[in-house]
């Protein structure tokens, strides 16, 4: 949480508004899960938004320390706790993890999910209780965002099939643990929606989100231009007023979402539109092409932004902080972010160089049994990156924040691999001397 300390207050985004509101008055909304709001409510104790950031930092640090231990535990050498802390300082200094942890956004749980999945499949010596704890971390992370559920489900199915083909019983069981975490979250969300009289459904807003994405891609307008002359769709009434951005579609009072009465109305219309689009090879193909391009665009957003926008006293984030954490409103207003002074351009450049150079160095390493062992780790990392990009490309607007918040795991792994490769030489002598 160094970035938050440097800023003078936890870093906020437009999405922070909804989460702080959910923390104050826990409720279910169609567009997101309620659990990050509950997380803020529980960890803040109603006193300070610093506490959630501290807990985020502790959770991520615990997983990162365990990740280091597992990667370095090779029988002949087991790093001591002081060594692992030293390595944590190194990777935090050279990667973007501090900027991720310091933000009050549910996205911080994406790297927590990634590290949980890595440990679940890479810690082959883990006892049942440890495996259960990894699954619990994964379940916690999955519950924070609907996209985390989709990514975890994809990873669980992919690695499960690979393990089944390789007849690897251990990894197959670990896949079942990850899929069980997905199943548990699905059951909780469906039961919660049913208890709120919304029906036994997983995500109330899934059809609206997908239709809004079709609007942003231009697929919806193309479909309606073809179908409206024949009639039969209420959306034809909106004509050219259908917003062409997902944000406006979900937030503008002129969009079909609010013309039909809000999130819980118009379900039949959205279902008919989706059925019409995806039953047509022309429009389904158009969606697939545009989703693929968006996924590729999303995949390359690996660097934290050089600037964080300010949200002044007229903004919703400030109003929520003032309403629910009034004694921190001055801290918020005087933080570097809100004064327009939070500049991360130098750090972003250093981070990009570290990522590129370390990746190139790892690629050029001579082949060894240990390097081959690390291929499984990189397979998990890149699979996670790809699944995340596909989910965002298909269902959401392309946004750097979804990708750079997990991308730092790659340079961290590169650094650990390089240290592991050279620990038998002078580096290992230095480490042992420090431990003694």
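Nothing in this text is a laboratory measurement; each read-out follows from the coordinates by a stated rule. This is a predicted model, so every value here is computed, not measured. Ideal geometry is used to build each Cβ from the backbone, glycine not excepted, and the neighbour counts take in all protein chains shown.
If I model a spin label as a point 7 Å beyond the Cα along the Cα-Cβ vector, how far apart are those points for residue 81 and residue 244 in nm?
5.9
Could you list 196, 227, 125 in order of exposure, starting from the residue whose Cβ has the fewest other Cβ atoms within 10 Å?
The order, fewest Cβ neighbours first, is 125, 196, 227.
Taking the number of other C-beta atoms within 10 Å as the exposure measure, put 236, 182 in order starting with the fewest.
So the residues, fewest neighbours to most, are 236, 182.
How far, in nm, would the chain grow between residue 356 and residue 225 when pulled straight, counting 0.36 nm per residue and subtracting the alpha carbon separation?
Result for the pair: 42.6 nm of gain on full extension.
Stretched out fully, how many nm does the piece from residue 164 to residue 128 gain, at 0.36 nm a residue minus the Cα gap?
Length difference between fully extended and current span is 10.9 nm.
Quick one: check the C-alpha center-to-center distance for the range 376-413 versus the range 157-208, whole angstrom.
19
Please list 310-322, 50-62, 93-105 highest first by mean number of surrounding beta-carbon atoms within 10 Å per residue.
93-105, 50-62, 310-322
Starting from the Cα of residue 197, step 7 Å along the direction of its Cβ; do the same at residue 343; then give the gap between the two resulting points in nm.
Using points 7 Å along Cα→Cβ, the separation is 5.6 nm.
Taking the Cα of residue 42, stepping 7 Å toward and past its beta carbon, and measuring to each backbone N in the range 185-228: which are under 19 Å?
Only 185-193 fall inside the zone, counting backbone N under 19 Å.
Tell me, what is the percent relative contact order of the chain, built from C-alpha pairs under 8 Å that lie six or more residues apart?
The value is 20 percent.
What label, among [x] 23.1, 81; [y] 25.1, 102; [z] 29.5, 90, belongs to Rg and Dmax of the Cα atoms in Å computed from the structure on display?
Among [x] 23.1, 81; [y] 25.1, 102; [z] 29.5, 90, the one derived from this structure is [x].
What is the distance in Å between the Cα centroid of the range 80-135 and that of the range 279-322?
If we compute the Cα centre of each part, the gap is 25 Å.
Roughly what would the spin-label model give for residue 265 and residue 13, points 7 Å off Cα along C-beta, in nm?
Calculated label separation equals 3.1 nm.
Using a 10 Å cut-off around each Cβ, can you sort 25, 324, 233, 270 from fewest to most neighbouring Cβ atoms?
So the ranking, lowest neighbour count to highest, is 25, 233, 324, 270.
Taking only the Cα atoms of the range 114-201, how large is their convex hull per residue, in Å³?
It is 87 Å³ per residue.
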